[in-house]
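**Q** I'd like to ask you about the structure that follows.
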Amino acid sequence: MDKKDIVIKVCSGTGSLSAGGKDVLEAFRSLAASTGTQAEFRDRCTAHQVGCRGFCSRDVLVDVIINGEKITYELIKPDMVPRIFEEHILQGDPVDEWMAGEQHREFHAAQTKIVLSHCGEMDPESLDAYLASGGYEAAHQAFVRMTPGEIIEEIKRSALRGRGGAGFPTGLKWEFAGRMRSKEKYVVCNGNESDPGAFADRCIIEGDPHSVIEGMMICARAIGAERGYIYVRDSYALAVKRLGLALRQCREHGFLGSNVFDSGFDLDIRLYPAPGAFICGEATALMKSIEGKRAMPSPRMWRTAEKGLWGRPTVINNVETLANVPRILGRGAEWFAGVGTENSGGTKVFSLTGKVKNTGLVEIPMGVTLREVIYGIGGGMVEDRAFKGIQLGGPTGGCLSEAFLDSRVDYESLALAGTIMGSGGMVVLDETSCIVDTARFFLDITQAESCGKCTPCRLGLRRMFEILQRITNGHGRNGDIELLEDLGSHIRATSLCGFGMTAPNPVLTTIRYFRDEYAVHIKDRKCPALVCKNLLTYSCIQENCTGCGLCKKVCPSDAIRGTRKKSHKIDQDLCVKCGSCFDACKFDAVLRE
Amino acid sequence: MVTLNIDGQDITVDRSYTLLDAVREMGITIPTLCHHPDLSLFGGCRLCLVEGSGMRRPAASCVTPVQEGMVVQSSTPYLERLRKTNVELLLSDHPNDCMLCERAGNCKLQELAYYYGLREHRFEGDRRIYSRKDNNPFLQREMEKCVMCGQCVRICDEIQGVGAIDFAYKGLWTKVTPPFERDLDCEFCGQCVGVCPTGALTGRIWAGKGRQKFREVDTVCSYCGCGCILTLAVKKNQIARIYSRKDTINEGMLCAKGRFAYEFVNSPERLTRPLIRTAPKKDWQLNDSGRYAQVKPERSSTNSSGVFREVSWEEALDHIAFRIKEIKDVHGADAIGGLASARCTNEENYLFQKFMRAAVGTNNVDHCARY
Ligand SMILES: Cc1cc2nc3c(=O)[nH]c(=O)nc-3n(C[C@H](O)[C@H](O)[C@H](O)COP(=O)(O)O)c2cc1C
Ligand code: SF4
Ligand code: SF4
């Protein structure tokens, strides 16, 4: 790849840039330039940006590669650069204390990087770097040497399924569109990334935009489309910028435009900055949005592959799905199918967050168990607390309990457990997380994101949210659990689009697996995890209280009575449950329950 | 053609049918709020649900194409429960205003609540409340009563071609509104009022004029030559509102004039008999070049009315005939011009030009709709 023998790679994803990645890169560059008293040093050393490698909690990450030997530093600030430069690069003596440790190794060891293989390795703004790694060879092959039928057959054999959530077999989708006779066809890349908390598609676009474009080109060739749209959230500023740049580079190199690769086929791909509502990611709403209308889902009377954008056959694929495509053509369908499970080839990128030690973007083969993800890649629970549950698939996914730790991560197993793959959100909960509050949190998001078209979703989700709100506020009623179940299954059964069909999942699954915790909230008016503020009571433990009076001083509502040196009392009617006394007391004399 | 089985009965229909079309063709009633046969398919209200073989979950019949061999139930206890829950949800976000609502007695939501026996519902929570009212002159828009059926949006866009309103916001706060919540400023055809199933959209001039037990009088709109059929809803010999039935040549659609401009009918200022001017218009005088021109306001007299005399039709026509002949004798036929009205029928307009050409002898004839 790089002929230079000193290579410095600085992470430049959005997470890293906000941690100062740009300044770190500049620092290395200016040092490299100014140190070049010997002119040949400059020719040997290069510093460049690379895409996100997923371990954002440790940004800024820097790789220093000398003669092929890679040392990774973590949590680097610009003022640390001179020392690394001096000791490691000039004197060949790595700075041990800043090197990424065990955690970093553990985080990456259990992953299988296919889609993310370029992220963290390659400069995303350089077409040459992409070409040097074999980029656009698969597209060239697709345009020049393969027939559409062969491409579709290859994708079908790879068992690639849509990474946008539904898991529809990609080859089959292409086949439907390929069969249609139409003067115009479209290929659309869905980069809306609806789920708040998911950032896989963002990182792929930011770190490896050319893979996505190449995937689209192959799809366009397979179905016979001459126009493509990349629908990407406008607020993903860096992704939009890098995609725009990549598209320009492709046009300049003749990979896009007329007569692509001298094959006689034309293809133009355009960027469509998306307004970025949750529902914009739903395929029919997305098409409305590109057509210039309000993004509201339409009833699915036809397949979009048959009647999509402007009524023409349209393939809509997720960013990650498309980024897999060049790899499949490059290394063969058998290899790809071999990575995953029988029904689903390849890997899936997850955004691992919550109460695990290592959080970030992880790529795992289909079929790995949840335990391997949480305790392997995730490094186990924070402070080794007990695992309680895991919310999979974003706000419209479901929450699984401990009993599912050994269930496999693939479309079928997850559906069986009552959740979805979704866009790959994984939020790990421990004993300090309240299940009811978690469900309320997700419903708060979905009730506000319903597009408003259909009655059950627009009003039903709102009512579910309000019931959850009253339970967490201590006003739960007998029958609320049953009402939630009834309403949840009602919304699931009667909503128009996939959003309403899945949005009650967090509530339905938590009731299914943690019913007792709901009951305690309603009957005993208690929150076992001590999260729901209005259900907490603060009282004084007489034996521990020294009567120091500190609590009295901090209480904002004068709820604490007592004379000095005598044990104090908290007036429950006046207490606003702010917890100030609990935090202030030095003698553990305030009981929170 | 496709044959399917609905509620145990076979029916053969065209393959372009939806399940709802087929169900309705069999005379089975199935509730809908958002369906309109002339508009694009919507599928939003989720009331027309059916169950059937090979369906994973209930399907909205209005957006499900018929298929050969389908076996479908249009009403089961489960379906009725789902429908009822959806009506409950709608009522949980609806003002309790039937007492004063212009649509009471003719409201689809009220009808559904009645049918499902819903005095109370299981859901309490926030309701939409909008303090800002639309001040347009014709349409009363009470968006708290909107059930989001989208018919107004679609008829405005698809039939009228105006696109003055659309959905905005998300979730509970989704709202049909003109851009940026401005006051409605459109053609005011009131097509949206015509399709709204609830009291969200009504005519301003309907207010307080009665809402039921109308005497319905069919008539032809006199505003233009199109000949739309109006149904006047008459109460105490006054027009309370105007609408049009679906089985008319205009298929139930009307324009702003036909729908709202009927105040003249009972106006005391309406001319009911011919008038003849008895003195020249005071602020118009012959000037030096022999033409009539308006005198500057400060020099004109303040009162130009009271110079007319009410006469019979015979006298009026005699007067016209006399003056035309007089002018023609003195100045020639081309000194006379005729301007016909768009409110006349084709036949009347034909006769008028014939009269101008044959009887008066001039080609100076024109028509207001040319401009
Ligand atoms: C509410 C909702 C939101 C969705 N959001 C996304 C999204 O953000 N990104 C995405 O790729 N697919 C999303 N989808 C799935 C798309 O509808 C569609 O199935 C997918 O883009 C197809 O691509 P695939 O076959 O590659 O997965 C969403 C679906 C629903 C119902
Ligand atoms: S289910 Fe929700 S998001 Fe989907 S169409 Fe209905 S209201 Fe819109
Ligand atoms: S205003 Fe009336 S017609 Fe328009 S969406 Fe609401 S209920 Fe339907």
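**Q** If you take every residue apart from A:LYS185 with its C-beta less than 14 Å away from the C-beta of A:LYS185, what net charge results, scoring Lys and Arg +1 and Asp and Glu -1?
**A** Values: positive: A:LYS173, A:ARG179, A:ARG181, A:LYS183, A:ARG221, A:ARG227, A:ARG303, A:LYS307, A:ARG312; negative: A:GLU175, A:GLU184, A:GLU226, A:ASP266, A:ASP268, A:GLU306.
Once positives and negatives cancel, what remains is +3.
**Q** Once you charge only the Cβ atoms, +1 for Lys and Arg and -1 for Asp and Glu, what is the size of the charge dipole of chain A about its Cα centre, to the nearest 20 debye?
**A** On the way: 73 positive and 74 negative charges, 448 e Å.
In total the dipole reaches around 2160 debye.
**Q** How high is the relative contact order of chain B, given as a whole-number percent (alpha carbon pairs under 8 Å, six or more residues apart)?
**A** Values: 573 pairs, mean separation 37.0, N = 371.
Relative contact order for chain B comes out at 10 percent.
**Q** Now for a different question. Quick one: dipole size for segment A:347-430, taken about the Cα centre, charges +1 on Lys/Arg Cβ and -1 on Asp/Glu Cβ, in debye to the nearest 20. Walk me through the numbers on the way to the answer.
**A** Details: 7 positive and 9 negative charges, 28 e Å.
The dipole magnitude comes to about 140 debye.
**Q** What is the magnitude of the charge dipole of segment A:435-524 about its Cα centre, with +1 placed on the Cβ of each Lys and Arg, -1 on the Cβ of each Asp and Glu, and no other charges, expressed in debye to the nearest 20? Please list the in-between numbers first.
**A** Details: 11 positive and 11 negative charges, 60 e Å.
Dipole of segment A:435-524, to the nearest 20 debye: 280 debye.
**Q** Find out how many positive minus negative residues lie around A:ASN358, taking Lys and Arg as positive, Asp and Glu as negative, among other residues whose Cβ is under 12 Å from that of A:ASN358. Let's see the in-between values first.
**A** Values: positive: A:ARG58, A:ARG105, A:LYS355, A:LYS357; negative: A:GLU74, A:GLU102, A:GLU106.
For residues surrounding A:ASN358, the net value is +1.
**Q** A further question on this structure: With a cut-off of 8 Å between alpha carbons and a minimum separation of six or more residues, what is the relative contact order of chain A in percent?
**A** 11 percent
**Q** Please provide three numbers in whole Å: the alpha-carbon extents of chain B along the principal axes, with the largest listed first.
**A** Projected onto the principal axes, the Cα atoms of chain B cover 89, 50, 39 Å.
**Q** Positive end of the charge dipole of the protein assembly as shown (Lys, Arg +1 and Asp, Glu -1 on Cβ, about the Cα centre): tell me which of A:ALA33, B:LEU112, A:CYS532 has its Cα farthest that way.
**A** Checking the options against the dipole of the protein assembly as shown, the answer is B:LEU112.
**Q** Within 10 Å, at most 10 other Cβ atoms, and a DSSP state outside H, G, I, E, B define an exposed site. Report the longest part of chain B free of exposed GluC sites (Glu not before Pro). Write down the numbers at each step before the final one.
**A** Numbers: sites that count: B:GLU68, B:GLU120, B:GLU269.
Between the exposed loop sites, the longest stretch runs B:121-268.
**Q** Calculated FRET efficiency, B:VAL217 and B:ARG309, Cβ-Cβ r, R0 30 Å, to nearest 0.05?
**A** Efficiency, from the Cβ-Cβ distance: 0.35.
**Q** Would you kindly find the accessible area of B:HIS36, with a 1.4 Å probe and non-protein molecules such as ligands, DNA and RNA excluded, rounding to the nearest 10 Å²?
**A** Per-residue accessible area (B:HIS36): approximately 30 Å².
**Q** Run the reach check for B:LYS325 against aspartates and glutamates, Cα to Cα strictly under 17 Å, same-chain hits fewer than 8 apart removed. What comes back?
**A** Hits, sequence-local ones excluded: B:GLU314, B:GLU315, B:ASP334.
**Q** Show which lysines lie in cross-link reach of B:LYS236 when reach means a straight Cα distance below 23 angstrom and same-chain residues fewer than eight apart are skipped.
**A** Filter leaves B:LYS209, B:LYS213, B:LYS257.
**Q** Normalise the Cα radius of gyration of chain A by 2.2 N^0.38 Å (N = residues in it) and let me know the number. Let's see the in-between values first.
**A** On the way: Rg = 27.1 Å, N = 593, 2.2 N^0.38 = 24.9 Å.
This ratio for chain A stands at 1.09.
**Q** Right, another one. So how tilted is helix A:21-34 from the main axis of chain A? Cα-based, degrees 0 to 90, rounded to 10.
**A** The two axes meet at around 50 degrees.
**Q** Can I ask one more? If you add up the charges near A:ALA493, with Lys and Arg at +1 and Asp and Glu at -1, over every other residue whose beta carbon is less than 12 angstrom from its beta carbon, what do you get? Before the final figure, lay out the partial values.
**A** On the way: positive: A:ARG492, B:ARG46, B:ARG56, B:ARG57, B:ARG81, B:ARG83; negative: A:ASP486, B:GLU51.
Here the charged neighbours net out to +4.
**Q** OK, next. Report, in deg cm²/dmol and to the nearest 500, the calculated mean residue ellipticity at 222 nm for chain B, where each DSSP H run with n ≥ 4 adds -39500 (n - 2.57) and the sum is divided by the residue count. Don't skip to the answer; put the middle values down first.
**A** On the way: 8 runs with 72 residues, N = 371.
Here the helix-only value at 222 nm equals -5500 deg cm²/dmol.
**Q** Residue farthest toward the positive end of the dipole of segment A:347-430, with Cβ of Lys/Arg at +1 and Asp/Glu at -1: which of A:ALA403, A:PRO365, A:THR353?
**A** Among A:ALA403, A:PRO365, A:THR353, the one farthest towards the positive end of the dipole of segment A:347-430 is A:THR353.
**Q** Here's another thing I want to ask about it. Scan around A:GLY425 for amide H atoms under 5 Å from its own, H built in the peptide plane at 1.01 Å from N, and keep only partners 5 or more places away or cross-chain.
**A** When sequence neighbours closer than 5 places are left aside, the close amide H contacts are A:SER351, A:GLY393, A:GLY394.
**Q** Name the residue farthest towards the positive end of the dipole of chain B from the options B:ILE28, B:VAL63, B:LEU184, assuming +1 on Cβ of Lys and Arg, -1 on Cβ of Asp and Glu, about the Cα centre.
**A** Checked the options; the winner is B:LEU184.
**Q** Find how many whole Å separate the alpha carbon centroid of segment A:401-439 from the alpha carbon centroid of segment A:199-232.
**A** 29 Å
**Q** So if I take the alpha carbon set of segment A:466-558, get Rg, then get Rh from the Kirkwood formula, what is the Rg over Rh ratio?
**A** Details: Rg = 18.8 Å, Rh = 15.8 Å.
Dividing the radius of gyration by the Kirkwood radius yields 1.19.
**Q** Next question, about the same structure. Can you compute the label reach from A:HIS475? Point 7 Å from Cα along the Cβ direction, backbone N cut-off under 20 Å, restricted to segment A:506-546.
**A** A:518-527, A:531-537, by backbone N distance to the label point.
**Q** Return one quarter of the surface area of the convex hull spanned by the alpha-carbon atoms of segment B:110-223, equal to its mean projected area, in nm².
**A** Values: hull surface 38.8 nm².
Directional mean of the projected Cα hull area for segment B:110-223 stands at 9.7 nm².
**Q** Kindly state, to the nearest 0.05, the FRET efficiency for A:ALA584 paired with A:LEU75, given R0 = 41 Å and r defined as their beta-carbon distance. Walk me through the intermediate numbers first.
**A** Details: r = 33 Å, r/R0 = 0.80.
The computed FRET efficiency comes out at 0.80.
**Q** Also, quick follow-up: How far apart, in nanometres, would the label points at B:MET26 and A:GLN103 be if each is projected 7 angstrom from Cα along the Cα-to-Cβ direction?
**A** Distance between label points: 6.5 nm.
**Q** Where a Cα-Cα gap under 16 Å defines reach, which aspartates and glutamates qualify for B:LYS133, not counting those fewer than 8 residues away within the same chain?
**A** B:GLU142, B:GLU144, B:GLU181, B:ASP183, B:ASP185
The values are calculated or read from the model by the stated rules, or taken from the named source; none is laboratory data. Here the structure is a predicted model, which means the values were calculated and not measured. Cβ atoms come from the backbone with ideal geometry, glycine included; neighbour counts cover every protein chain shown. Ligands, DNA and RNA are excluded from the accessible area calculation, which covers all protein heavy atoms including side chains. Shrake-Rupley method; radii C 1.70, N 1.55, O 1.52, S 1.80 Å.
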